[in-house]
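Data first, discussion second: the structure below is written as structure tokens.
Every read-out reported here was derived from the displayed coordinates using simple, explicitly stated rules and does not represent laboratory data. This structure is a prediction, so every number in the text was calculated from the model and none was measured. Here the Cβ is made from the backbone with ideal geometry for all residues, glycine too, and neighbour counts use every protein chain on show.
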Amino acid sequence: MLNEQELLTILQKYQSEAYYVGNKISTKQLKIVRSKFSIPHEEKIIAMVDSTVLKSSKTGLAFGLSAMYSNKVFLGEALHPRKAITYEEFKNSNIRFTNKSDGGYKGILIGEDFMIDLAGSHMKRELLIEILEDLQSFLQSKTVKESNQQIIIDISSNKEAYWIANNGKQLGPYNGEKIQDLVRRGELNIHYDYIWKQGMPQWELISDFKELNLQVSSPPSQPVSRKQTLNQDIRFLEIPFDVNKAAEHDLLTLPGIDLMKAQKLCEWRLNKGHITSYDILRELWDVQPHEFEEIKTMIKNPNHKTSNTSS
């Protein structure tokens, strides 16, 4: 997960008494730390914190390339016997000061059971917390960058990598055969769901995307306008319907409402609760006045008391 230079770049930013990085660790300290902290022979030690009063290096924290290692005094060892934590586990673990329930020791606890004993250290706990949080932040951002890079590689290496926007979720990448199968099983609706691939300037309705030549079980006998299609869809809805309970694909049947506007309303409900007035809808959707008047005939009045009651 980490290479030596990345770790050094972060750890060398800080300075403190009893804190040693890189070639500042003596041969004697390396030998003591590797022995007392039970560090594997193949693990390279990059930095260490000496938590002893006399600077004997027998307790404290060591940063390896793959994990962090600690050694504690007897009571701390009994309460928290764990001696190592990998960076993979550390990157999402909680970091806090120890308290009375942890044995009363002056230290830092990572996760549930990895304790760093600083009872005799000349290094301030606050500084070590800052170093650990800096390292944790770097690990998290590196994971995101690696994940995004992998997505880019997957898309670039596969000219048939398609992404689907389905009810507010992004799915994929899929090849054409997989999308055909999802449509055949009814898991995708070509009139509501959108598709995108590398090189396309924007998302398109699957029904408008001719490249895949998708087959539907009951295609229309002749092309119809979007307005006509919406009117056909509405027959399957209870009119008027409640915008606070409607699914994204139901909202798409309303005049002037596209995927972006439908998702905008769903996000509002998730973050702020129910729609309580026509004014909120008008501001959210910003549709033409005549379209909004038509919408009002197709939805329940959000001012009505039942719209504010959770289902």
Tell me, in nm to one decimal, what length is gained between Glu43 and Lys245 on full extension, where the rule is 0.36 nm per residue of separation less the Cα-Cα distance?
67.1 nm
Alpha-carbon centroids, segment 257-289 and segment 176-210: separation in whole Å
25
Listed with the fewest Cβ neighbours within 10 Å leading, Phe138, Phe114 appear as Phe138, Phe114
Could you line up Lys300, Lys169, Lys106 from fewest to most neighbouring Cβ atoms inside 10 Å?
Lys169, Lys106, Lys300
Segment 21-28 - phi-based ³J(HN,Hα) in whole Hz, Karplus 6.51/-1.76/1.60, Gly and Pro as x:
10, x, 6, 7, 7, 6, 4, 5
A 29 angstrom limit on the alpha carbon distance is what I want to check against. Which of Lys31/Lys142; Lys24/Lys91; Lys36/Lys124; Lys55/Lys142 exceed it?
Lys31/Lys142; Lys55/Lys142
Which order do the peptides 246-252, 8-14, 178-184 take when ranked by the mean count of other beta-carbon atoms within 10 Å per residue, highest first?
246-252, 178-184, 8-14
Cross-link reach from Lys72 to aspartates and glutamates, straight Cα distance under 12 Å and at least 8 residues apart if same chain, gives Asp50, Asp117
Computed FRET value (nearest 0.05) for Glu291 with Phe97, which takes r as the C-beta separation and R₀ as 45 Å
0.20
Among the aspartates and glutamates, which have Cα under 15 Å from the Cα of Lys300 when same-chain residues fewer than 8 positions away are ignored?
Glu238, Asp242, Asp250, Asp279
Based on C-alpha coordinates, I'd like the Rg and Dmax of segment 4-153, in Å.
15.2, 53
Taking Lys169 as the anchor, which lysines have their alpha carbon closer than 20 Å to its alpha carbon, excluding any fewer than eight residues away along the same chain?
Lys178, Lys197, Lys245, Lys261, Lys264, Lys272
Sequence-distant or interchain residues sharing an amide H contact under 5 Å with Gly64, placed H: which?
Ile46, Tyr69
Residue (of Ala47, Leu109, Ser137) at the positive-pole extreme of segment 4-153, dipole from beta-carbon charges
Ala47
